[in-house]
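J.: I am attaching a structure below and will ask some questions about it afterwards.
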Amino acid sequence: MRMSTATIIANTDIRAGVHLIELHAPYLVQAAQPGQYGMVRCCDALASDPLLRRPFFIHTVQRAREQCTLLVAARGRGSSWLVKQPPGADLDILGPIGHGWEVRPNVRNLLLISAGETIGALTFLAQWAIEQELAVTLLVQYATIEDIYPPALLSPEIEYHVTLSDSGSDKIVEVAGNYLAWADAVCCAVSHETLETLYSRYERLRQKHIAQGLVVRPLVCASGVCLTCAMETRSGPKLICRDGPVFEIGEIV
Ligand code: FES
């Protein structure tokens with residue numbers, strides 16, 4: 001992990017409040033692994049507010065072109081500043097950081113499960129898996145049709161299955177059950193409640209080395225210093241920023 005400069009190549013509004021930011025980022029691109037993130041300084045060069053960097057998952061990578069993308073939803077001051085940055089602007093990024101997704105060499109069928117914007121933590125993994133000639137199914141639950149991630153941004157080889165649930169119910173849990181016999185590995189970027197439901201409902205997810213889960217929380221330093229992201233796991237206390245954000249599912253539910 002180190003600090004590097006990335007230059008914005010394009011900034012596209014893919015739906016209301018959500019932008020795809022394309023970067024020329026030679027260091028970040030060469031070092032990044034699926035599930036890792038970068039801490040982006042989200043203010044003008046001479047400003048210091050907001051003081052804290054914001055974490056963004058590396059959304060896709062084009063290593064030959066030294067380019068990557070970030071999927072940014074304008075939710076607070078930092079992300080709202082970021083989505084306004086024009087092509088040509090430089091970003092100061094610390095990263096890549098964290099323990100990302102692990103896919104064992106014998107995996108052929110990869111099931112990815114997400115809800116809403118956490119899809120941004122899975123897209124690089126999906127891209128990598130297709131490049132390795134794995135079969136990939138991506139299940140995503142959204143609250144409304146307007147929220148749906150554009151299928152055109154995904155490789156056509158990915159089976160993209162969308163469920164809608166505006167009532168807060170976890171339809172995704174039911175749908176996931178249809179794919180578990182097929183999947184050799186399952187990567188979940190869902191809420192902790194949904195993760196617990198999946199884990200308790202399906203024996204397959206309780207088998208060793210089958211399923212991993214993402215933990216998303218605000219990160220202050222992402223350097224293992226402030227300890228505000230400490231979390232109790234079945235193998236003792238862990239830091240989400242450095243030991244995660246991806247863990248074996250059995251460690252965290
Ligand atoms: S965010 Fe500071 S130790 Fe993890």
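J.: Could you say whether any residue in the range 147-166 is out of contact with any Lys or Arg (no Cβ under 9 Å at 6 or more places or on another chain), of a type in the set (Gly, Ala, Ser) and more than 25 Å from PRO96 (Cβ to Cβ)?
T.: Filtering the range 147-166 down to residues out of contact with any Lys or Arg (no Cβ under 9 Å at 6 or more places or on another chain) leaves 151-162, 166.
In the following step, the residues that additionally are of a type in the set (Gly, Ala, Ser) were identified as 152, 155.
Those left that are additionally more than 25 Å from PRO96 (Cβ to Cβ): 152.
Checked the range 147-166: at least one residue is out of contact with any Lys or Arg (no Cβ under 9 Å at 6 or more places or on another chain), of a type in the set (Gly, Ala, Ser) and more than 25 Å from PRO96 (Cβ to Cβ).
J.: Right, another one. Does LEU195 satisfy the criteria of being surrounded by 14 or more Cβ atoms within 10 Å (Cβ to Cβ), within 16 Å of the ligand (Cβ to nearest atom) and of a type in the set (A, V, I, L, M, F, W, C)?
T.: Numbers: surrounded by 14 or more Cβ atoms within 10 Å (Cβ to Cβ): yes; within 16 Å of the ligand (Cβ to nearest atom): no; of a type in the set (A, V, I, L, M, F, W, C): yes.
For LEU195, the condition - surrounded by 14 or more Cβ atoms within 10 Å (Cβ to Cβ), within 16 Å of the ligand (Cβ to nearest atom) and of a type in the set (A, V, I, L, M, F, W, C) - is not met.
J.: Moving on to the next point. Quick check on the range 113-133. Is at least one of its residues within 27 Å of HIS24 (Cβ to Cβ), touching a Cys at 6+ places or on another chain (Cβ under 6 Å) and either surrounded by fewer than 21 Cβ atoms within 10 Å (Cβ to Cβ) or not assigned by TED's automatic domain parsing to the domain that holds SER223 (or both)?
T.: no
J.: Sticking with this one: So which of LEU153, LEU164, LEU214 ends up being touching a residue at least 60 places away in the same chain (Cβ under 8 Å), more than 16 Å from the ligand (Cβ to nearest atom) and either assigned by TED's automatic domain parsing to the domain that holds ILE119 or surrounded by fewer than 20 Cβ atoms within 10 Å (Cβ to Cβ) (or both)? I'd like the intermediate steps shown before the answer.
T.: Working: LEU164 fails: touching a residue at least 60 places away in the same chain (Cβ under 8 Å); LEU214 fails: more than 16 Å from the ligand (Cβ to nearest atom).
Every option except LEU153 fails the conditions.
J.: Then there's this: Within the bounds of the range 237-245, is there any residue that is β-branched (Val, Ile, Thr), part of a strand (DSSP E or B) and modelled with pLDDT of 95 or more? I'd like the intermediate steps shown before the answer.
T.: Initial filter on the range 237-245 (β-branched (Val, Ile, Thr)): 240.
Going one step further and asking which of them are part of a strand (DSSP E or B), we end up with none.
Checking the range 237-245: not a single residue is β-branched (Val, Ile, Thr), part of a strand (DSSP E or B) and modelled with pLDDT of 95 or more.
J.: For the range 233-253: of the residues being away from the ligand (no atom under 15 Å from the Cβ) and free of Cβ contacts under 8 Å to residues at least 24 places away in the same chain, which is surrounded by the fewest Cβ atoms within 10 Å (Cβ to Cβ)? Give the steps one after another, and end with the answer.
T.: Filtering the range 233-253 for residues away from the ligand (no atom under 15 Å from the Cβ) gives 234-236, 248-253.
When the remaining residues are screened for being free of Cβ contacts under 8 Å to residues at least 24 places away in the same chain, the result is 234-236, 251.
Numbers: ARG234: 11, SER235: 11, GLY236: 8, GLU251: 18.
Looking at the filtered set, the residue picked out is GLY236.
J.: Further question on the same structure: I'd like to check something: does the range 224-232 contain any residue that is more than 10 Å from the ligand (Cβ to nearest atom) and in contact with a Pro (Cβ under 9 Å, 6 or more places away or on another chain)? Steps first, please.
T.: Applying the first criterion (more than 10 Å from the ligand (Cβ to nearest atom)) to the range 224-232 yields 232.
Next, only the ones that are in contact with a Pro (Cβ under 9 Å, 6 or more places away or on another chain) stay: none.
Checking the range 224-232: not a single residue is more than 10 Å from the ligand (Cβ to nearest atom) and in contact with a Pro (Cβ under 9 Å, 6 or more places away or on another chain).
J.: What is the one condition in (1) in contact with a helix residue (DSSP H, G or I) (Cβ under 8 Å, 6 or more places away or on another chain); (2) of a type in the set (Lys, Arg); (3) within 16 Å of the ligand (Cβ to nearest atom) that LYS208 does not satisfy?
T.: The failed condition is (3).
J.: Take the range 19-70 and flag every residue that is part of a strand (DSSP E or B) and of a type in the set (Val, Ile, Thr). Give the derivation first.
T.: Taking the range 19-70 first, the residues part of a strand (DSSP E or B) are 19-24, 37-40, 54-62, 67-70.
Those that are part of a strand (DSSP E or B) and of a type in the set (Val, Ile, Thr): ILE21, VAL40, ILE58, THR60, VAL61, THR69.
The values are calculated or read from the model by the stated rules, or taken from the named source; none is laboratory data. Just so it is clear, the structure is predicted and the values come from calculations on it, not from any experiment. Quick reminder, even Gly has a Cβ in these numbers, built from the backbone with ideal geometry, and neighbours come from all protein chains shown.
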